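Shown next, in structure tokens, is the structure this report addresses.
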Amino acid sequence: MAEISKEYAVALFSLACECGEERVVMDALERAEAVFREADGFMELLSSPGIPLGERVSLVEHAFDGSFPEHVVSFIQLLCERRRIGLFYECVKEYRALLDAREAVVTAKITSAVELTDSELAALKQKLEKISGNTVNLECVTDGDILGGLIVEMNGTVTDGSLRHRLREIKEVMNQ
């Protein structure tokens, strides 16, 4: 299913690039995502085979028309028509990855034992941008189980500087 989501995302991204609206489409996809999350059952309604396709497509048009770009509305309608609306979130994720790659943006997942301050986050972001040569978006998670330090996941690489990891290393050395 990930491959199908990627194909849909690539098609939408190509269309957005032709129009020079990559960021506009991303913003609209994020707003549509919020609508789906807030309107409990809307996604299920759009995927229901008991409701005629014309009505489902019309629901999308009424829900998203006006403040959403035509490409995004048509995209959601296409997902309904092809019985792929359940892939919407994955399509948005794939689109975001395409946009990030184009804009040289990488996401770094930061795991810390306690919430980091704004100044710590700014310093960390600056350091990661210097290392990667790209703009970095930080995705922060707190996990008290790591005891201290940080775990940084970026570009498929994990750097574990947690206290828990260091204690395990010491234990391994002592057991040798």
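Before moving on, here are some points about what is shown:
- If you run the Gaussian network model on the chain, springs between alpha carbon atoms under 10 Å, then out of Thr142, Thr107, Thr117 the most flexible one is Thr117.
- Asn175/Val141 FRET efficiency (R0 25 Å; Cβ-Cβ; nearest 0.05): 0.25
- Placing +1 on the Cβ of every Lys and Arg and -1 on the Cβ of every Asp and Glu, with nothing else charged, gives region 104-174 a dipole about its Cα centre of roughly 220 debye.
- Relative contact order of the chain, defined on C-alpha pairs under 8 angstrom at six or more residues apart (%): 20 percent
- Helix 2-19 axis, angle to the chain major axis (alpha carbon atoms, nearest 10°): 70 degrees
- Within region 1-25, backbone nitrogen closer than 16 Å to the virtual label 7 Å beyond the Cα of Leu78 toward Cβ: 3-22, 25
- Note on the chain: dipole from Cβ charges, positive end direction compared against Ser74, Ala122, Ala34; the farthest Cα belongs to Ala122.
- Farthest towards the positive end of the charge dipole of the chain, among the residues Ala104, Ala11, Gln176, is the Cα of Gln176, using unit charges on the Cβ of Lys, Arg, Asp and Glu.
- Listed candidates [x] 111; [y] 155; [z] 172 - label of the one calculated as volume of the Cα convex hull per residue in Å³: [z]
- Sequence ranges 128-134, 22-28, ranked by mean other-Cβ count within 10 angstrom, highest first: 22-28, 128-134
- In a simple Cβ point-charge model (Lys, Arg +1; Asp, Glu -1; nothing else charged), the chain has a dipole of about 560 debye relative to its Cα centre.
- 222 nm mean residue ellipticity, helices alone, for the chain (DSSP H n ≥ 4; -39,500 (n - 2.57); rounded to 500): -19500 deg cm²/dmol
- Student exercise, region 1-99 dipole from Lys, Arg, Asp, Glu Cβ charges, in Debye to nearest 20: 220 debye
- Computed from label points 7 Å out along Cα-Cβ, the spacing between Ala104 and Ala39 is 3.9 nm.
- Amide H contacts of Phe68 (H built 1.01 Å from N, under 5 Å, at least 5 apart or other chain): none
- Taking 0.36 nm per residue of separation and subtracting the Cα-Cα distance, full extension of the segment from Ala11 to Arg166 would add 51.3 nm.
Values quoted throughout were computed directly from the atomic coordinates according to the rules given, and no laboratory measurement underlies them. Just so it is clear, the structure is predicted and the values come from calculations on it, not from any experiment. Reconstructed Cβ throughout: ideal geometry from the backbone, glycine too, with neighbour counts over all protein chains shown.
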